Amino acid sequence: MNNEELFALFREVVQSIEKRPLEDVTPDSVIADLGIDSLGMMEIVGELESRLDVMIPDDQLVKLRTVADLLGVVQKRLEAR
Amino acid sequence: MSTRVEGRGAEGERDLADTRLSLRLYEEYKTFFARAERERRWNPFDDVPWDQIRKDVPEDLALCAETFCAVEAYLPDYVSEGLAVVRPYMGQLWFQANWGYEESKHALSLQEFLLRSGARTDEQMIDLQHRLWVGKKWTPLFRTGRQMTIYGAIQEQATFVFYCRQRERAKALGHETLRVIYDFIARDEIAHTHFYEGVIRVLLEEDREGTLADFALVSRDFKMPAFDLVPDYDQRVMVMRDLANMDRDVFLQKVYFPVLKRVGVTRAEIVSAMRKARDAEQGESSPAA
């Protein structure tokens, strides 16, 4: 899965969880600025883990600040499989 | 252990399960209370070093103490509404009563600190109470005892972390009186967290799927108490977060994940329960449903 596909999946997951369209979101967006709190992010990460069959350790999850941070960690996990 | 009794049928089995749950929850309370009596009792007037109080309290430190007082101002509502949701389980009812007693000492000691240090006047505190109480009442965020127990575990752990950070700041600034107050309060808060966690472990054993569903619900809708009632809440919390260095990472790392770990639930289980709830909601809202 390339970065664009991963970003599209991220948007899809966020919209299904948050039930609102995500406008103006880019990889550089700060997750908190999208109105997603820490428990919301945990849900999003969990959904990505489930769909892509990867596992992100808790200590990495708590450090994620931007969308790019999150996608980078997921991409690394995908490549490590 | 079998709970089946010949001739009693499903109703009898439900009664037995409920009796067993009541007994287990009462045991949790007795353990909590015995330990509190042995190790944790303190007197806000006698055990705090009031003779060491300083008059040069920085405003941000005072604001934090005042905000804790403001949140605790709704204690009568927390107790009365809390009692209503945990009926009919005696262990939880008695815990709620004891919890109210302990929390009242927190508000009282912080208020004494603000007044004795000169950081606030009697008039200012009365004005704040007026703004907190007139026309306002706290109502629970969740409807059932199980949901409120899960909420209690997360909320008390968050409060514990906040108080620990405030304690360190008071210590760094040389405000020994306030450090001791926060030390007593933090000790109480973590004891409350551990009681709630013990109850959650019992509830998980009795009904894991239902308890996980409630965990997911509480996680999705979690908010700190009185967020919508305390005047200038957002600005106050911003100051508190900055001072305590509390950000999003800290909430997951120091509050949420430790609670999950201690009750024996994985993040994957919570996410799975969240997904089930979403699917159920979508099913309910679709025209075919």
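Conditions (1) out of contact with any helix residue (DSSP H, G or I) (no Cβ under 7 Å at 6 or more places or on another chain); (2) at negative phi; (3) open to solvent by less than 20 Å² (accessible area, probe 1.4 Å); (4) in a loop (DSSP other than H, G, I, E, B), marked per residue:
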{"residue": "B:Asp60", "(1), (2), (3), (4)": "no, yes, no, no"}
{"residue": "B:Gly91", "(1), (2), (3), (4)": "no, yes, yes, no"}
{"residue": "B:Ala97", "(1), (2), (3), (4)": "yes, yes, no, no"}
{"residue": "B:His106", "(1), (2), (3), (4)": "no, yes, yes, no"}
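Being touching a residue at least 60 places away in the same chain (Cβ under 8 Å) and out of contact with any His (no Cβ under 7 Å at 6 or more places or on another chain) is a description that applies to A:Val74. The single residue among B:Glu123, B:Glu156 that is modelled with pLDDT of 95 or more, within 30 Å of B:Glu209 (Cα to Cα) and assigned to a helix (DSSP H, G or I) turns out to be B:Glu156.
Every residue, every condition in (1) open to solvent by less than 30 Å² (accessible area, probe 1.4 Å); (2) of a type in the set (Val, Ile, Thr), yes or no:
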site: B:Lys223; (1), (2): no, no
site: B:Pro231; (1), (2): yes, no
site: B:Asp242; (1), (2): no, no
site: B:Val255; (1), (2): yes, yes
site: B:Thr266; (1), (2): no, yes
site: B:Arg275; (1), (2): no, no
site: B:Arg278; (1), (2): yes, no
site: B:Glu281; (1), (2): no, no
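Among the residues of the range B:184-232, those that are within 21 Å of B:Leu63 (Cβ to Cβ) and touching a residue at least 24 places away in the same chain (Cβ under 8 Å) comprise B:Phe184, B:Ile185, B:Ala186, B:Glu189, B:Lys223, B:Met224, B:Pro225, B:Ala226, B:Leu229, B:Val230, B:Pro231. Applying the criterion of at least 2 residues that are surrounded by fewer than 19 Cβ atoms within 10 Å (Cβ to Cβ) and within 12 Å of chain B (Cβ to nearest Cβ) to the helices (runs of 4 or more DSSP H) found wholly in chain A leaves A:3-18, A:38-52, A:58-61.
Under the condition of being polar (S, T, N, Q) and at pLDDT 95 or above, which residue from the range B:1-54 is nearest to B:Tyr101 (Cα to Cα)? Looking at the filtered set, the residue picked out is B:Asn43.
The one condition from (1) within 29 Å of B:Val230 (Cβ to Cβ); (2) part of a loop (DSSP other than H, G, I, E, B) that B:Ala70 does not meet is (2). Counting only residues that are away from chain A (no Cβ under 14 Å) and farther than 26 Å from B:His106 by Cα, the range B:188-212 holds 11 of them.
The values are calculated or read from the model by the stated rules, or taken from the named source; none is laboratory data. Quantities reported herein were computed from a predicted structural model and do not represent experimental measurements. Here Cβ is always computed from backbone atoms with ideal geometry, including for glycine, and neighbour counts include all displayed protein chains. Side chains are part of the model used for accessible areas, which takes the heavy atoms of the whole protein and leaves out ligands, DNA and RNA. Shrake-Rupley method; radii C 1.70, N 1.55, O 1.52, S 1.80 Å.
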